[in-house]
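So the structure is just underneath, and the comments pick up after that.
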Amino acid sequence: MIKGSIIPELFSLKNLYYTTVRIQLFDKDGIDAGCGTGFFFHVHELDDHHEDITTTLLITNRHVIEEAHTASVVLHLGPAENGIPMGGVYTLDIENLNTEFKSHPDPEIDLCALDVTQYLQEIAKEEGCSVHYQAFSYQHIPFPKELSEIFPASDVFMVGYPDGLWDESNNLPITRKGITASHPAYDFNGKSRGAVDIATFTGSSGSPIILYRQGPIKYGAPADLQFWLLGILKTAGFTDAEGKMVERDIPTKRTKVPLTQMMIHLGYYVKGREILAFDDMFRTDLT
């Protein structure tokens, strides 16, 4: 049984830093193929003795890994003091990404997941200490009724690695803040997604979109659980702008106008409820 070294009751903005990993991608020749964001998610079930069995998933967008062959992620090692891991880091290499990751059963949902439970067990055995991380679970995914009651323009946080950037010295992600740009209770353009007004860049794909909530607590959730996982960032909004033509000493024939893509400070996320499809896919066969 593998559990995060931070329990859900202590879930806070500080601990959000330990929900994600930077997925550094490589092609078959070992050449840099970009990076993306992944986050931890726990699937819980009870065995015949009513003991909790926890499967730890690493979730990201399918498009993040589908053009790559291998990846590396840098993990924190415990023990922790005041919520800060003190055991250093461990670089985990993952091969054959497209066979190791399982895609969402709906091909239109851009998500995939990897069961990292065994990896964590092997690291703990090898290093003599557990991996320090914070995982989301079904408790963090809001019900439709709860979504309908939130303010249309609510504050959200995104935790990830925009443009591949991170605090490399401390192995920590970048946290960004924005607001919901479409009401989370509605499916944007009839699809299982929503929009957020937040700066997004390459590398942000797979970042969890988190809404800080106040008010009534979801039935059965810990009293201090103050975050909802709205979804997973999928794409960014772009617009085209005409490039400026510059006079040169040597005349050139200007037959085409260059177009430059500009981000419009808008991102689209896959609804958090879609993660639950992995719940059954990765449940342990206890029979």
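All of the numbers you see were taken from the coordinates with simple rules; none came from a lab. What you see is a predicted model, and the numbers here were worked out from it, not measured in a lab. Backbone-built Cβ (ideal geometry, glycine too); neighbour counts: all protein chains shown.
Under the 0.36 nm per residue contour assumption, what length would be gained going from the current alpha-carbon distance of ASP106 and HIS183 to full extension?
On the way: separation 77, 0.36 × 77 = 27.72 nm, distance 2.32 nm.
That pair, ASP106 and HIS183, stretches by 25.4 nm at full extension.
If you stretched the chain out fully between ALA277 and GLU45, how much longer would it get, using 0.36 nm times the residue separation minus the C-alpha to C-alpha distance?
82.0 nm
What FRET efficiency comes out for ALA153 versus GLU66 if R0 is 35 angstrom and r is the Cβ-Cβ distance? Round to the nearest 0.05. Could you put the intermediate results ahead of the total?
Numbers: r = 34 Å, r/R0 = 0.97.
The computed FRET efficiency comes out at 0.55.
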What is the spread of the Cα atoms of the range 109-209 along each of their three principal axes, largest first, in whole Å? 47, 28, 22
Calculate, in nm to one decimal, what GLU95 and TYR212 gain on full extension: separation in residues at 0.36 nm each, minus their alpha carbon distance. 38.6 nm
Run the simple label-point estimate for ASP29 and LEU165 please: 7 Å along Cα→C-beta, distance reported in nm. 3.0
